[in-house]
Amino acid sequence: MTRKQPTPRRPKRRSAVPRSRTAEARPRPAQPRGDNDKFAEEELSSLVVRGCLIARDAVFNVRDFLADGSRLAFLAIKDCEKELDQIERKIDEQLPEAITRVGEAEARELLACLKFITDLERIGDLAYSAVMQLQARREKLPAADSRQLVEMATLLCAMLEQVHQGFLKRDVSHAQSVLQSDPEVDRLCHSLFHRHLAEPNSPSGQKNFDILLAAQALERIGDHAKNLAEELYGLSEGRSLRHNARKLSTA
């Protein structure tokens with residue numbers, strides 16, 4: 001969308017007749033929101049919804065890639081990563097102008113859009129990083145590793161769908177579901193690391209270092225999904241709870 005160029009301001013003229021103090025103290029009438037302002041807010045929000053779906057699809061394809069090494073899944077993840085980059089760039093370009101023309105409640109919505117797309121774009125990067133670690137691998141993934149990585153990706157896909165629904169409905173129950181799933185993603189990642197690194201001198205740990213990096217990338221996706229869930233609380237309730245994760249996880 002072409003950005004609307006601001007109309008140049010005319011220089012203020014000094015009035016020949018001084019205004020009274022009563023006139024100076026009189027409050028100015030509130031400027032009504034224009035259709036363009038509302039359209040800009042709705043467009044940015046719709047971009048975030050699209051970003052949620054793309055991030056979810058990226059992780060869905062990570063699961064397919066881990067399950068059978070699908071080349072199509074790998075290419076789909078790469079496309080998702082590029083699309084999320086484009087959406088983030090578009091929101092970065094449009095939001096500064098849009099936020100100057102709205103009230104406090106609408107500004108909060110726009111700031112939430114910015115926070116959302118930042119985490120969603122990072123999820124796209126991490127999904128692509130996870131499969132990049134494994135796509136050049138010659139040996140087949142060990143069965144135990146494959147099972148745990150697929151389980152992590154399955155959980156993450158469900159978490160991102162909950163984020164998507166929570167953003168659409170402004171419903172914190174979806175955020176709570178994400179927060180409850182994140183510890184299981186962490187547990188699977190730590191279990192995989194422990195199995196490979198339990199014996200420091202084992203060649204398995206060195207040979208399968210790419211698997212550990214892929215698991216770490218998936219675990220980080222869980223962290224970003226958790227960030228999004230915490231942001232949903234702030235978006236729905238009008239106050240930030242992002243720095244009070246312990247309270248959220250026990251709610």
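The values are calculated or read from the model by the stated rules, or taken from the named source; none is laboratory data. Keep in mind the model is a prediction, meaning the values are calculated, not measured. For neighbour counting, all protein chains shown are included, and Cβ atoms are generated from backbone atoms with ideal geometry for every residue, glycine included. Keep in mind that these areas ignore ligands, DNA and RNA; they rest on the heavy atoms of the full protein, side chains included. Shrake-Rupley method; radii C 1.70, N 1.55, O 1.52, S 1.80 Å.
Could you work out how much longer the chain between D85 and R71 gets when fully extended? Use 0.36 nm per residue separation minus the Cα distance between them, nm to one decimal.
Additional length available on full extension: 2.9 nm.
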Anything over 23 Å Cα to Cα? Flag those among K82/K207; K78/K169; K82/K115; K82/K169; K90/K115; K78/K207, in the order listed. K82/K207; K78/K169; K82/K169; K78/K207
Given the protein chains as shown and a 1.4 Å probe, how many square angstrom of E139 are accessible, to the nearest 10? 90
Simple Cβ-charge dipole of segment 71-179, Lys/Arg +1 and Asp/Glu -1, about Cα centre, in debye nearest 20: 440
For a test of the definition: using alpha carbon positions, the gyration tensor, and the 1.5 limit on a/c, classify segment 45-151 as rounded, prolate or oblate. prolate
Applied in sequence order to segment 98-109, the curve 6.51 cos²θ - 1.76 cosθ + 1.60 (Karplus, θ = phi - 60°) yields integer Hz couplings, x standing for Gly and Pro, of 5, 6, 7, 10, 10, x, 5, 4, 5, 4, 4, 4
What figure in square angstrom, to the nearest 10, would you give for the accessible area of T154 with a 1.4 Å probe? 60
Solvent exposure ordering (accessible area, 1.4 Å, most first) of K90, K140: K140, K90
Leaving out ligands, DNA and RNA, what percent of the accessible area of segment 64-123 is carbon and sulfur, probe 1.4 Å? 50
Please give me the summed charge of the neighbours of D125: other residues whose Cβ is under 10 Å from its Cβ, Lys and Arg +1, Asp and Glu -1. -1
To the nearest 0.05, what FRET efficiency results for D223 and T100 with a Förster distance of 45 Å applied to their C-beta separation? 0.90
